[in-house]
Amino acid sequence: MASVDLQTVNIYGTNAVQKKAVPQKAVQPEAADLQKPAFKATAYTSAVTVRTSLQTRDEKKKYEELSNELDLSYRRKLEFALKSGQLLKNNSNDKSSVLDNLHKILKEERDPGLDKIKILQECLDILANPYVITQTCEDIPAQYKRQVIGLMTDLSEDPNKIAEAKWELDNMHTGTCPAASIEFDLATKHTAEFFRIVEGLTSPQNAVVKNIRMDSLSEKSSEAIWLLTKFKTPHKLNNFDSATVLLQPDENAIIRARIQNHHRDKGERSIIDVLMQSTLMQLGSQQTYNSLTDKRAPNAWTQEDGGLIDFEKTYVESVVEDKNTTSVTYQIVDENGRLKGYEKDFATIKKELLDTLNMGHNIIIGYTWPDPENDNRLAGHEITIVGYKTNEKGEGIFICQDSDDDIAAPIEMSEKYLLPKIHHAGLPDEIASRDFKYEDSWKLGLDEFQESRKSA
């Protein structure tokens, strides 16, 4: 990670940007040139212990030490986390609890420029209300703009490049909606793992290692290795059944995180949002994301430089959440980016969504609309469906989380409005595989891209 203390360091100096040593636990990519796999996993959720009272001396000690560092409002949020059963959840990669990881944030060293109490407060804000997770981009205060523009332009003195970077910085709207949706899902469904990752990303290493089962990516180990390698995910093979992966944000994310530590405005991304979303964007974009510009490099699946596309998002979900998500595409879009039709009727789409909700899962979807500023080509956004209800008129309503609506609460969308707009949805494999003709969208996209290159 780039070590830049924007309060005291002039980044134009020769030693202004320091590269931290790779943590001892870091793992490197394995080389592989293997056949493309079928993308699925064997497990969608993991068992979790839920308790609402402190039982051991160690738990009571950690709770007391946390409480002593918090003001009254955050002590109440800590108590809420305990009484709601969230604080002692241990559904993390190493079986550590939420409490363990919050205590580690308090007692162990944090990244220079990040305040441990502020991080704890953000953790408790999310535990009290995960809808505070947002993708809304933070502004760069005037005193840091010259330095940040220098990084964006690679210290160029070209006035055109500087002007372009300044415009981008002043008009930035993040394209991290898929990452923010996964962040929300991780926080609500894999709570202890979420805070274990937060602890690692805010540590001096700005990274965390995670053990994954190979069958969380594909039934065949060789195919799982192909996916890890194709996405350039740093990893180490432990055996045929498991691997250790390294999760870390891009090197510029810490700059934005440190700025947010001192200058976060209401409604902007938190320190946690910045680091988590960068990490997830890195994982899905083949390690090419840049937090300063909110751009990623085009790759074998897309020529876009914005957010993650559906099967990149699915890969990220499968790695960080250890579940068998399959990206199912519902809309048929022509080569001009306009809607042609649907792969399934709305009744079938609705049943697949409701069956997934009834299994206890959120559903990350991409929905579209014609963009009048782009010749009515489809524009898109990722949100998370968290529930469903019928209103007093008998109309079906989907309850959703939108990381880009400036509302720290669930929103409602009628099924009549939403169903025709859903381009793709991340579903459990057992639901996606009901249609025997279905083929994973990541493979279809890769095949289409390769065909288009041959034609060109």
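The values are calculated or read from the model by the stated rules, or taken from the named source; none is laboratory data. No experiment lies behind these values; they were computed from the predicted model shown. Every residue, glycine as well, gets a Cβ built from its backbone with ideal geometry; the counts of neighbours run over all protein chains shown. Side chains included, ligands, DNA and RNA excluded: accessible areas come from the protein's heavy atoms. Shrake-Rupley method; radii C 1.70, N 1.55, O 1.52, S 1.80 Å.
From the list 392, 373, the lone residue that is acidic (Asp, Glu), open to solvent by 40 Å² or more (accessible area, probe 1.4 Å) and within 22 Å of residue 136 (Cβ to Cβ) is 373.
Among the criteria (1) part of a helix (DSSP H, G or I); (2) open to solvent by less than 10 Å² (accessible area, probe 1.4 Å); (3) at pLDDT below 95, the one residue 143 does not fulfil is (2). Among residues of region 152-163 that are within 21 Å of residue 251 (Cβ to Cβ), those with a beta-carbon under 9 Å from a residue that is open to solvent by 90 Å² or more (accessible area, probe 1.4 Å) and in a loop (DSSP other than H, G, I, E, B) at least six positions away or on a different chain give the pairs 161/154. Entry remark, region 392-450: residues being farther than 21 Å from residue 378 by Cβ, at pLDDT 95 or above and among the β-branched types (Val, Ile, Thr) number 3 in total.
Residues in region 334-350 that are part of a helix (DSSP H, G or I), without any contact (Cβ under 8 Å) to a residue 40 or more places away in the chain and either among the small types (Gly, Ala, Ser) or touching a Leu at 6+ places or on another chain (Cβ under 7 Å) (or both): 347 alone. Residues in region 222-237 that are in contact with a strand residue (DSSP E or B) (Cβ under 6 Å, 6 or more places away or on another chain) and either closer than 15 Å to residue 284 by Cα or free of Cβ contacts under 8 Å to residues at least 60 places away in the same chain (or both): 228, 233, 234, 235. Of everything listed in (1) touching a helix residue (DSSP H, G or I) at 6+ places or on another chain (Cβ under 6 Å); (2) touching a residue at least 24 places away in the same chain (Cβ under 8 Å); (3) surrounded by fewer than 24 Cβ atoms within 10 Å (Cβ to Cβ); (4) not basic (Lys, Arg), the single unmet condition for residue 195 is (3). At least 2 residues being out of contact with any Phe, Trp or Tyr (no Cβ under 9 Å at 6 or more places or on another chain) is the threshold, and among the strands (runs of 3 or more DSSP E) wholly inside region 230-332 those reaching it are 235-237, 242-247. Has region 71-78 got at least one residue that is open to solvent by 30 Å² or more (accessible area, probe 1.4 Å), modelled with pLDDT under 95 and over 27 Å from residue 400 (Cβ atoms)? The answer is no, given that none of the residues of region 71-78 is open to solvent by 30 Å² or more (accessible area, probe 1.4 Å), modelled with pLDDT under 95 and over 27 Å from residue 400 (Cβ atoms). Counting only strands (runs of 3 or more DSSP E) wholly contained in region 351-429, the ones carrying 1 or more residues that are in contact (Cβ under 8 Å) with a residue 40 or more places away in the chain occupy 363-371, 377-390, 396-401, 422-428. Based on what the data block shows, is residue 275 farther than 22 Å from residue 379 by Cβ, touching a residue at least 40 places away in the same chain (Cβ under 8 Å), touching a helix residue (DSSP H, G or I) at 6+ places or on another chain (Cβ under 6 Å) and open to solvent by less than 20 Å² (accessible area, probe 1.4 Å)? Here the answer is yes, as residue 275 does meet what is asked.
Per-residue answers, yes or no, for (1) under 25 Å from residue 305 (Cα atoms); (2) aliphatic (A, V, I, L, M):
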position: 176; (1), (2): yes, no
position: 184; (1), (2): yes, no
position: 195; (1), (2): no, no
position: 203; (1), (2): no, no
position: 210; (1), (2): no, no
position: 229; (1), (2): yes, no
position: 237; (1), (2): no, yes
position: 244; (1), (2): no, no
position: 248; (1), (2): yes, no
